[in-house]
Amino acid sequence: MKLQFTLALTALVSLYSATTLAAGDAAKGKVLYGVCAACHGANGEGQEALNAPKLAGQQDWYVVRQLQNFKAGIRGANPKDTNGMTMAPMAQTLPNEQAIADVAAFIKTLK
Ligand code: HEC
């Protein structure tokens with residue numbers, strides 16, 4: 001019983017890490033980042049005038065989660081959240097989980 005629980009837990013944990021940390025291709029992510037650069041800056045430095053935060057130095061798993069949340073309408077869906085509502089349609093330019101992983105992998109390379 002205990003072993004089965006441990007196995008189930010292990011499977012769950014590996015499934016979870018697989019979905020959150022899908023291997024991203026930074027080269028493909030660089031192409032996708034072209035859209036993002038307009039607001040977040042070519043080096044991910046951010047632009048306060050556009051309310052777009054710095055992305056350089058941010059952890060990839062956090063970037064992935066925020067992009068998933070924007071895409072799913074968990075973040076940036078409230079009309080009072082003006083800045084979030086600016087970002088939400090941008091997350092829609094990333095067609096799937098692989099694209100999210102790719103762009104996050106590229107952002108990780110920004111210093
Ligand atoms: C039109 C301008 C604009 C573009 C283009 C844009 N963003 Fe954003 N982004 C924003 C704004 C504004 C915020 C801040 C949202 C908030 O305050 O909640 C933001 C927030 C984010 C966040 C959350 C940061 C955090 O610390 O929580 C991530 C990640 C992000 N953007 C990634 C991207 C990526 C990747 C792209 C390209 C696919 C992109 N953005 C394109 C304006 C933009």
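Filtered by the rule that a residue be more than 8 Å from the ligand (Cβ to nearest atom) and farther than 16 Å from K108 by Cβ, region 47-59 gives Q47, E48, A49. Within region 102-111, the set of residues being surrounded by fewer than 20 Cβ atoms within 10 Å (Cβ to Cβ) and either within 11 Å of the ligand (Cβ to nearest atom) or farther than 14 Å from W61 by Cα (or both) comprises L110, K111. The set of residues in region 61-95 that are more than 10 Å from the ligand (Cβ to nearest atom) and under 14 Å from I107 (Cα atoms) contains only W61.
Evaluate the following for A99: is it under 12 Å from the mean Cα position of the chain (by Cα), without any contact (Cβ under 8 Å) to a residue 40 or more places away in the chain and either more than 7 Å from the ligand (Cβ to nearest atom) or within 11 Å of G29 (Cβ to Cβ) (or both)? Answer is no for this residue. Could you please let me know if A27 is assigned to a helix (DSSP H, G or I), at pLDDT 95 or above, of a type in the set (A, V, I, L, M) and near the ligand (Cβ under 9 Å from one of its atoms)? So A27 does not fit the description; no. Once region 31-41 is narrowed to residues that are over 13 Å from the mean Cα position of the chain (by Cα) and under 21 Å from P95 (Cα atoms), the residue that is farthest from the ligand (Cβ to nearest atom) is V31. For region 70-96, the tally of residues that are exposed (fewer than 14 other Cβ atoms within 10 Å of the Cβ) and over 24 Å from A27 (Cβ atoms) stands at 11.
The values are calculated or read from the model by the stated rules, or taken from the named source; none is laboratory data. Treat the numbers as computed from the prediction; the structure is a model and nothing was measured. Glycine gets a Cβ as well: all are built from the backbone with ideal geometry, and neighbour counts include every protein chain shown.
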